[in-house]
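Structure first, then comments.
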Number of protein chains: 4
Amino acid sequence: MRSYPNAWVKNSIMYRRGVGGGSSGVTHELTEAKQGALHYTIGPYSKPTLYIKPGDRVVVETVDAFEGRLKSERDLPSKLLRVPFLNPQCGPIMVEGAEKGDVLAVHIEHMAPRGDQPRGTCCMIQEFGALTGTYYTATLNPPLPETVRKIKIDDKHVYWSERVTLPYKPHIGTLSCSPEIDSINSLTPDNHGGNMDLPDMGPGTITYLPVRSPGGRLFIGDAHACQGDGEICGTAVEYATTTTMTVDLIKGWTIEWPRLEADDFIMAIGSTRPLEDAARIAYRELIRWMVKDYGYDQWDAYMMLSQCGKVRLGNFVDPKYTVGAAVSKKYL
Amino acid sequence: MRSYPNAWVKNSIMYRRGVGGGSSGVTHELTEAKQGALHYTIGPYSKPTLYIKPGDRVVVETVDAFEGRLKSERDLPSKLLRVPFLNPQCGPIMVEGAEKGDVLAVHIEHMAPRGDQPRGTCCMIQEFGALTGTYYTATLNPPLPETVRKIKIDDKHVYWSERVTLPYKPHIGTLSCSPEIDSINSLTPDNHGGNMDLPDMGPGTITYLPVRSPGGRLFIGDAHACQGDGEICGTAVEYATTTTMTVDLIKGWTIEWPRLEADDFIMAIGSTRPLEDAARIAYRELIRWMVKDYGYDQWDAYMMLSQCGKVRLGNFVDPKYTVGAAVSKKYL
Amino acid sequence: MRSYPNAWVKNSIMYRRGVGGGSSGVTHELTEAKQGALHYTIGPYSKPTLYIKPGDRVVVETVDAFEGRLKSERDLPSKLLRVPFLNPQCGPIMVEGAEKGDVLAVHIEHMAPRGDQPRGTCCMIQEFGALTGTYYTATLNPPLPETVRKIKIDDKHVYWSERVTLPYKPHIGTLSCSPEIDSINSLTPDNHGGNMDLPDMGPGTITYLPVRSPGGRLFIGDAHACQGDGEICGTAVEYATTTTMTVDLIKGWTIEWPRLEADDFIMAIGSTRPLEDAARIAYRELIRWMVKDYGYDQWDAYMMLSQCGKVRLGNFVDPKYTVGAAVSKKYL
Amino acid sequence: MRSYPNAWVKNSIMYRRGVGGGSSGVTHELTEAKQGALHYTIGPYSKPTLYIKPGDRVVVETVDAFEGRLKSERDLPSKLLRVPFLNPQCGPIMVEGAEKGDVLAVHIEHMAPRGDQPRGTCCMIQEFGALTGTYYTATLNPPLPETVRKIKIDDKHVYWSERVTLPYKPHIGTLSCSPEIDSINSLTPDNHGGNMDLPDMGPGTITYLPVRSPGGRLFIGDAHACQGDGEICGTAVEYATTTTMTVDLIKGWTIEWPRLEADDFIMAIGSTRPLEDAARIAYRELIRWMVKDYGYDQWDAYMMLSQCGKVRLGNFVDPKYTVGAAVSKKYL
């Protein structure tokens, strides 16, 4: 747990404004057994699996996005996966005192790979991905070949192929509080969070999620051992983890879309189609954040981000696409 | 009820394939009182309000999309409307024998205006509409002015202004079965149907909806006394109705997106963003329909629709946009 | 020439405001021989082929979009067509007195099929069309099959197949004045007009084109014997014609995008991507037209078109997509 | 000139494959005086200003995107700027031996600020930018305020405001060979290059441009002292420079879209709307590059980039949007 830059967190918004002061010292375990049935929608109708207090730590056993069904490179996704029962989520975790208009702060501290080797799975699913006709970008072309890759992972590397070894850069693909009344399938990101597939959302950063129902109802799943910008083939190196996170509550911080804080930048996150609209949302939310919390004039922020804003493309394969817009903390 | 071309229905797919033969002779009433609480999501979690058999007729009292809150032209939508509690739906209506993989056929027979004059309401809501920055197409521009129009309606005309009287062309804006596990806010159309805002979906046509949960769970609401292509200011002439419809069940007709049949054309319907993708879905589904049920070769259908396909733009203001693609029955 | 509704034209904007009063009585012929080399870009750099006065009639021999290269159903587009030498244009025709800030009015009077049977050609070109990955919507899927259809045409019908005979509904696919400084390939529509592929642009309607360079520089080509909304396979029934048109000049009518007038409606035309933005342009221009020339209040026009606006989808296959937004003349 | 990482260039594709071996030792000057009239379109019709041999160095004096018209913060863009006479370009520079099917390699070596202080200009232009309705995303909202910022620049910093000093990160906003027959306004990027606004295109990297007409016809302009991802307010810190570049010729390397090489990555560049399609183009071209020149299997490249691909958002404000997709050289 030493490899991630968690030290800065003591200066974070979470520590400064969190009801739990960023840490309560209490740790909960949400094992596969304790979780029981996983969830395929993120909403207010499912039964909670854990009740915690602001600042508590949770160690959660996540399963991979295919619920472990793709065990070998000979498996066919079309045989073993069934829409909409994909991308299973742990939770919902209820946070004491969380109400509509608040924020849950989720500090991912550590993500350890879990399970037998090869632990990682990447695949091409028919009519899914950035460079293929899809369910929503409907074409008549023959599909791409179904392909499953099983990949060895340790806590330093992802052994992609004989030729290429990638660094282990874990993050959570899907993280969210519940919408107020919608129950949204776990494949779709939106203003609640959801399947954002944003590589920044890993150990050493804090995600801020809008609370829209009592307790917040935190869902988590879809861990990636690494992922490129855009997640173009539709999947990352999907794997099971033991993820350690601290969850705090910030009262009365009403945000419209998820936000993220790292040691050296803050980021606002938007998810919609087309992709430029996701980027518009992210940048407008970032400007609003700079205006409200950092005293910027709106037009100064707009023009300045035109000179120094940074964009992370999360995914452009999910039912909605995700973009993060960031600004360095040294300008705040 | 004589003004709508319902006679052709005896030759429809609904009559030929429906379990109830397109008509059972039984009529149910779903009054406001019987409905009780209205629904703002379309999903599998709400309590049914009516149980019917295939071929039964239902007379339903719909309320307008604003639940009647906009009573005068001095009212402000921002004061009286609250997201996500918009576009209230009647139902769900359970149809005996309906299971995943089937289709509900909904023949709208008649729509009568209901309530005091001026019955109709049209308004401009801030950050909503085709020609304004919106929640999803985020801009920093000042908003358009909030404006409410109250409009007199009778069963022949919509009295838009001193200058302009429009014909009464009623249709249902939101119609759907429930998704399998999602519970989707009633503002958003998708493959279940939902807020399609398609002017063809009125008296004299039949809508075919995919069943994805037991009983189908039919929701209906959002009546329009008339609507232009695209519903550009974000709202139609919204009004309360007494809507008469026959609901039948077609077993084993598995469709991916809603479809519509009129006396002289068939139409497939797609809803997503960007708009071209909605059109792609609609045309691909229409081709699949022509191939499966009318013996067309796929490429012949594709090339022929390039010569004679007709497109209806439903809306491009909702969270997803809706397009219908149609072909004349004389070519089938 | 009796089959088209040209009588209304005497009440048109062209007749009322045209320098030539809608008709001068003079007729010019622009034969294939007189035209000589055809043009593949629309711009200010090409040599004029004809000089006319406002109100003159021009009878022009257009060639098909493939310049006649696809002669049989065994031909392969990939062998015989070469980007960017596609969609050849006749002209430019110089109109006396036309200057930047004016409008050319083009009344298509008649379009007669020309050449040997089968005169019409429709084809599927690889990576081109609405339901396939394309040059701009890049995918890795295998392409659709190249297919050429040769179709018999007379002045009443298009003999599509043994099963289907379509009505002859001729129109011009590409019509434009020159941009001010750009020279744009003839496949791309934009604010100058160009490859709009709008089925309304045929005998009996008048197109209004913004003049941006001296003489206007009118280009014309790409005739279709019929076309469905969207032109989904990428091509219509392409054919050679003898097209008769009257070209008039309206001084000081400065418009930003092409417009169209029919006996019973006026239409504004937008071309861009994504498709919703083409529709936005078209509707905004229509509103501006109603405000400026018909005394409408902007918000009244916006809200009213939300009730009675009509949309024609021209194409969503070209490098930019084209939408026409129309309103009935009875509301003006 | 020591601050840029130019040393790696000796291992670049340009050095290995260039006709001039990446350097000829000959230097040309293209001063403002020698250039004379600037160009507002990029095409085959303009008169060359310089003839060079492969490997020659050119020192070019670029002017800012506003041609120096915005001299003070009291100036109004709407008064002083006139579409389409924006973003003036130097050139065209003719490279001996360049023919359709080749590539021009442009190694930007150095960019020095030029002119009086404050040299830099950033502004908000009405109906232009990412967070406003625009010419192509037409809305009825009131416009954003016109605003001009004049900014002091030296060769280390951009003095944005009293609060914020940004690093000097110069790059060329617009760089291209001519299209084959189109003459495209200098505001629009496409497969020829053009107004890409990609921050990577500065000192220390090499851009590869497809040659489509004899001599290549290289255009350059639109220097930025720094720019954020997306250039959201529509403009960067625009300024005049003395730019030093080496231009080489690679025979028989036929590429469809511009490419870029840095010390540690290669990048393919796509420009279109909507934004996801620009990203699709960029990634597909990158895969094609990896397959052709680095021996990758197509599906391996696709799936691997899903794990390690990097995306740079150039702009989403120009008539077409620009995305670069990159992969680290260590995986090649």
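The values are calculated or read from the model by the stated rules, or taken from the named source; none is laboratory data. Note that the structure is predicted; figures quoted are calculated from it, not measured. Here the Cβ is made from the backbone with ideal geometry for all residues, glycine too, and neighbour counts use every protein chain on show.
Quick look at the numbers
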item	result
Filter result for B:M196 (surrounded by 22 or more Cβ atoms within 10 Å (Cβ to Cβ), at pLDDT 95 or above and under 17 Å from the mean Cα position of the chain (by Cα))	yes
Among residues of region D:1-46, those that are more than 30 Å from D:K156 (Cβ to Cβ) and without any contact (Cβ under 8 Å) to a residue 12 or more places away in the chain, counted	2
The lone exception for C:V311 - which of (1) touching a residue at least 60 places away in the same chain (Cβ under 8 Å); (2) hydrophobic (A, V, I, L, M, F, W, C); (3) part of a strand (DSSP E or B) it fails	(1)
Verdict on B:K292 being basic (K, R) and touching a residue at least 40 places away in the same chain (Cβ under 8 Å)	no
Of the criteria (1) under 19 Å from the mean Cα position of the chain (by Cα); (2) closer than 26 Å to B:M267 by Cα, which one C:Y239 fails	(2)
Filtered residue count, region B:254-306, keeping only those that are surrounded by 22 or more Cβ atoms within 10 Å (Cβ to Cβ), acidic (D, E) and not in a helix (DSSP H, G or I)	1
Which numbered condition B:T242 misses (of (1) assigned to a strand (DSSP E or B); (2) crowded, with 24+ Cβ neighbours inside 10 Å; (3) not aliphatic (A, V, I, L, M))	(2)
Selection count where residues are hydrophobic (A, V, I, L, M, F, W, C), under 23 Å from C:E231 (Cβ atoms) and in contact with a helix residue (DSSP H, G or I) (Cβ under 8 Å, 6 or more places away or on another chain), scope region C:101-137	6
Check on D:T272, at pLDDT 95 or above, more than 10 Å from chain A (Cβ to nearest Cβ) and out of contact with any His (no Cβ under 6 Å at 6 or more places or on another chain)	yes
Residue that is nearest to the other protein chains (Cβ to nearest Cβ), among those in region C:275-299 that are in contact with a helix residue (DSSP H, G or I) (Cβ under 9 Å, 6 or more places away or on another chain) and under 20 Å from C:G173 (Cα atoms)	C:L275
Condition met for D:N195 (farther than 30 Å from D:H28 by Cα and out of contact with any helix residue (DSSP H, G or I) (no Cβ under 8 Å at 6 or more places or on another chain))	no
Residue match in region C:33-40 (condition: crowded, with 18+ Cβ neighbours inside 10 Å, assigned to a strand (DSSP E or B) and at pLDDT 95 or above)	yes
Qualifying strands (runs of 3 or more DSSP E) (wholly inside region C:69-142; at least 2 residues being at the interface with another protein chain (Cβ under 10 Å from one of its Cβ atoms) and either within 22 Å of the chain's Cα centre (by Cα) or surrounded by fewer than 22 Cβ atoms within 10 Å (Cβ to Cβ) (or both))	C:120-124
Condition check for A:V148: closer than 17 Å to A:C233 by Cα and either within 17 Å of the chain's Cα centre (by Cα) or among the aliphatic types (A, V, I, L, M) (or both)	yes
First in region A:222-246 and more than 11 Å from chain D (Cβ to nearest Cβ), second anywhere and small (G, A, S) and in a strand (DSSP E or B), Cβ under 7 Å, 6 or more apart	A:D222/A:G173; A:A223/A:G173; A:Y239/A:G120; A:Y239/A:A223; A:T241/A:A112; A:T241/A:A223; A:T242/A:A112; A:T243/A:A223
Check on B:Y302, at the interface with another protein chain (Cβ under 7 Å from one of its Cβ atoms), modelled with pLDDT of 95 or more and more than 27 Å from A:D190 (Cβ to Cβ)	yes
Test: residue in region A:149-158 that is buried (at least 24 other Cβ atoms within 10 Å of the Cβ), part of a loop (DSSP other than H, G, I, E, B) and away from chain D (no Cβ under 14 Å)	no
The one condition in (1) farther than 25 Å from D:V323 by Cα; (2) touching a Cys at 6+ places or on another chain (Cβ under 7 Å) that A:M245 fails to fulfil	(2)
Matching option when the condition is on the phi < 0 side of the Ramachandran plot, of a type in the set (A, V, I, L, M) and more than 14 Å from chain D (Cβ to nearest Cβ), among A:M201, A:M267	A:M201
Conditions (1) under 30 Å from A:G270 (Cα atoms); (2) touching a Leu at 6+ places or on another chain (Cβ under 8 Å); number of the one not met by A:S183	(2)
Residue within region A:42-65 that is in a helix (DSSP H, G or I) and either small (G, A, S) or under 19 Å from A:I93 (Cα atoms) (or both) present	no
Single match in B:T322, B:T235, B:T254, B:T246 (criterion: at pLDDT 95 or above and in contact with a Lys or Arg (Cβ under 7 Å, 6 or more places away or on another chain))	B:T246
The one condition in (1) free of Cβ contacts under 8 Å to residues at least 12 places away in the same chain; (2) away from chain B (no Cβ under 12 Å); (3) of a type in the set (A, V, I, L, M, F, W, C); (4) crowded, with 23+ Cβ neighbours inside 10 Å that D:I172 fails to fulfil	(1)
